[in-house]
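Report on the structure given below.
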Ligand code: G1P
């Protein structure tokens, strides 16, 4: 029997974004733009492409710009219509959500990613759901969450996105113990959140895309504190490795950018700028010029 379809996704967006201060003093980090689209738009587009119909945001104070972003903007739309700017009206369509397709729930205390997801439990109900961390932007021919949904249809259970990271970086991630490494879909034996490099079970890190069963919410009910004193999603998923349904990791095809860090954000800006047909020529020759000037100055 095929597992139940995944139609709901949770977007944890309650974080303060302190790594991007002062920019994030008055705008949510998720509204920061790669070229001309906010980070959150990339996550929403990916979720839509994977068949998600209901979008649940876990927010906090100061995040109301996100709610406005996904609402209709009657004045702006009518001004664009009057001036015949149909191309811009078309672009705005991606930002609109049908009434009832998007819901917001507040996490009133910063208690970790597991706690954030748990805050959405009543909206998720008793069905499998996706979690997308908008900081992780993934450029892929086939959207990452779609690759995961396809793999999940074969495996059932929980599924996380995985990629290799260098030993210096491994302690920033949830890390997988996959035993024997096989193809792209691997059975997970264990997971640890932010281990020291010497204790990490592998160099395979969890990237911010998950498909989870409602059992994970039950595990989160216990509110067990983990790494950093926070309630960790990794720990609640790790409990499922011992069950029959199990946990799987997909080594996805695509390039992931850590837009939660300044360097990752800059790298993504360059990559997405170069990928844009309307900008790539001018942008590429500018980058060449800059590199040449830097070389000459050395
Ligand atoms: C979170 C998760 C971690 C995962 C990472 C991926 O950590 O807790 O397991 O590897 O996202 O980006 P954070 O980056 O929020 O500290």
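Observations on the model:
- Segment residue 25-residue 67, length gained on full extension (0.36 nm per residue, minus Cα span): 13.4 nm
- Cα gyration tensor shape of the chain, rounded if a/c is under 1.5, else prolate or oblate by comparing a/b with b/c: oblate
- Packing here is the average count of other Cβ atoms within 10 Å per residue, and on that basis the peptides 272-280, 145-153, 111-119, highest first, run 111-119, 145-153, 272-280.
- Ranked by the mean number of other Cβ atoms within 10 Å per residue, highest first, peptides 219-232, 251-264 order as 251-264, 219-232.
- Length-normalised contact order for the chain - Cα pairs under 8 Å, 6+ apart - percent: 22
- At full extension, residue 78 and residue 109 could sit 7.2 nm farther apart than now, given 0.36 nm per residue minus the alpha carbon distance.
- Span from the the range 173-209 Cα centroid across to the the range 27-65 one, whole angstrom: 27
- Measuring between their Cα centroids, the range 148-170 and the range 69-103 lie 35 Å from each other.
- Packing, as the average of other Cβ atoms within 10 Å across residues, places the peptides 156-168, 128-140 in the order 128-140, 156-168, highest first.
- Using C-alpha pairs below 8 Å separated by at least 6 residues, the relative contact order for the range 19-178 is 29 percent.
- Rg(Cα)/(2.2 N^0.38 Å) for the range 1-113, N = residue count: 1.19
- Gain in span if fully extended, residue 153 to residue 172, counting 0.36 nm per residue against the direct Cα distance: 3.9 nm
- Rounded to 10°, Cα long-axis angle of helix 280-297 versus longest principal axis of the chain: 90
- Taking a ≥ b ≥ c as the square roots of the Cα gyration tensor eigenvalues, the range 127-261 comes out rounded, since a/c falls below 1.5.
- The range 257-298: projected area of the alpha-carbon convex hull, averaged over directions, in nm²: 3.3
Readers should treat all values here as calculations from the given coordinates under stated rules, not as data from a laboratory. Quantities reported herein were computed from a predicted structural model and do not represent experimental measurements. Here Cβ is always computed from backbone atoms with ideal geometry, including for glycine, and neighbour counts include all displayed protein chains.
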